[in-house]
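Structure first, then comments.
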């Protein structure tokens with residue numbers, strides 16, 4: 001059934017393609033608006049939309065994105081009915097802009113009642129979470145998506161960088177990789193959060209912090225008129241990385257490397273540079 005996924009994605013984008021041609025004549029302002037967002041940006045890749053709830057979410061990996069997306073999909077009430085049978089009881093979604101018409105996206109994006117939001121995370125903690133969840137303990141051989149990114153970036157790193165089936169990335173080696181190679185910084189998990197927010201081309205109404213998730217996410221849940229059951233479950237962490245106290249992973253040098261690489265995140269989102 002996995003082979004049907006590209007067909008399913010293409011089918012869901014049909015309203016967008018048909019409406020785009022129609023909008024060139026009847027809704028040129030919608031086409032112009034989308035083109036402005038798309039100039040140097042990637043709204044289809046980064047935005048999640050809930051038209052019925054007047055909500056747009058820009059997910060940032062390792063910043064509670066799994067928890068938020070599943071909560072939004074649950075509020076939409078959409079189940080997964082195809083593809084992998086083991087996932088049929090899980091909610092899928094929310095939509096991307098290309099799953100609705102271009103006119104609907106324009107109306108949603110420009111409606112003053114729409115909540116446009118995202119969540120960010122302390123860069124020090126985000127780096128530990130990314131390493132623990134995507135790299136720790138994995139042999140440095142081709143096959144894993146994230147290890148492939150590392151292997152493709154080795155030419156930009158020290159030739160002595162670890163490689164091979166008997167080697168894994170320590171946190172220190174991960175930090176060196178994540179902060180040195182330009183290829184590595186192209187993946188959303190390693191990209192500065194401020195840069196990810198720029199990709200949508202859209203101004204956000206609210207940027208919450210994972211460190212204050214229980215309080216900040218209430219603003220989103222209030223906007224969505226979420227039921228008490230959903231509010232309770234939304235607080236539960238999902239896809240939690242297995243690691244110890246994040247401060248224990250840092251040396252003075254590693255702290256400096258992360259701060260220099262993600263300085264714009266520390267400055268924009270008011271995170272302290274000190275441990």
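From 109, 136, 73, 159, which residue is modelled with pLDDT of 95 or more and either on the phi < 0 side of the Ramachandran plot or touching a helix residue (DSSP H, G or I) at 6+ places or on another chain (Cβ under 6 Å) (or both)?
Step by step, each of 109, 136, 73, 159 is checked, and only 136 is modelled with pLDDT of 95 or more and either on the phi < 0 side of the Ramachandran plot or touching a helix residue (DSSP H, G or I) at 6+ places or on another chain (Cβ under 6 Å) (or both).
Is one or more of the residues making up segment 244-260 buried (at least 16 other Cβ atoms within 10 Å of the Cβ) and over 27 Å from residue 135 (Cβ atoms)?
no
Got at least one residue in segment 142-150 being more than 30 Å from residue 43 (Cβ to Cβ) and without any contact (Cβ under 8 Å) to a residue 40 or more places away in the chain? Please lay out each step first, then the result.
Within segment 142-150, the first condition is being more than 30 Å from residue 43 (Cβ to Cβ), and the residues that meet it are 142-143.
Narrowing the set further to residues that are without any contact (Cβ under 8 Å) to a residue 40 or more places away in the chain leaves 142-143.
Yes.
Can you tell me which of (1) at pLDDT below 95; (2) crowded, with 19+ Cβ neighbours inside 10 Å; (3) not assigned by TED's automatic domain parsing to the domain that holds residue 247 is the one residue 153 doesn't meet?
(3)
Condition first: farther than 30 Å from residue 217 by Cβ and buried (at least 20 other Cβ atoms within 10 Å of the Cβ). Now tell me which residues in segment 120-148 satisfy that.
140
Within segment 205-213, identify whether any single residue is modelled with pLDDT of 95 or more, part of a loop (DSSP other than H, G, I, E, B), surrounded by 13 or more Cβ atoms within 10 Å (Cβ to Cβ) and within 20 Å of the chain's Cα centre (by Cα), and answer yes or no.
yes
Quick check, is residue 198 out of contact with any helix residue (DSSP H, G or I) (no Cβ under 9 Å at 6 or more places or on another chain), outside the structural domain of residue 133 (by TED's automatic domain parsing) and under 30 Å from residue 97 (Cα atoms)?
yes
The values are calculated or read from the model by the stated rules, or taken from the named source; none is laboratory data. Since we're looking at a predicted model, the values are computed, not measured. Here Cβ is always computed from backbone atoms with ideal geometry, including for glycine, and neighbour counts include all displayed protein chains.
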